[in-house]
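*Asks:* Let me begin by handing over the structure; questions about it come next.
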């Protein structure tokens, strides 16, 4: 049984090198602690993530684990750090950085808008 505040967020934006995306995230919040199960849909496939971290007034900081994918993301795996920073216009910038594949790690910037 989940304990905490539950919500579903739907966000759209653009990813560096990935194009437009839509994210549907089921989240459970307990104080500042957040657990999220999310699906990011791109034109050519989907990525599935589990995310855990801490949320504050300026954004989010935590870790992610890629649990699978479809299309060009079929068989995707990985994990790393996940940050989201609030922007003055109400949007946010999210960065994903791989920790288990440092040789191919790069910042993936996702901006909603």
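*Asks:* Evaluate region 12-31: report whether one residue or more is free of Cβ contacts under 8 Å to residues at least 24 places away in the same chain, surrounded by 16 or more Cβ atoms within 10 Å (Cβ to Cβ) and more than 17 Å from residue 95 (Cα to Cα).
*Replies:* yes
*Asks:* If you take the residues of region 9-24 that are at negative phi and not in a strand (DSSP E or B), which of them is modelled with the highest pLDDT?
*Replies:* 18
*Asks:* Which residue is surrounded by the most Cβ atoms within 10 Å (Cβ to Cβ), if the candidates are limited to region 65-113 and must be modelled with pLDDT under 80 and part of a helix (DSSP H, G or I)?
*Replies:* Among them, the one singled out is 102.
*Asks:* Of the residues 46, 6, which single one is modelled with pLDDT of 85 or more and touching a helix residue (DSSP H, G or I) at 6+ places or on another chain (Cβ under 7 Å)?
*Replies:* Answer to the selection: 46.
The values are calculated or read from the model by the stated rules, or taken from the named source; none is laboratory data. On a predicted model such as this, the values are computed, not experimentally measured, just so you know. Methodologically, a virtual Cβ is constructed for each residue, glycine included, from the backbone with ideal geometry; neighbour enumeration extends over all protein chains shown.
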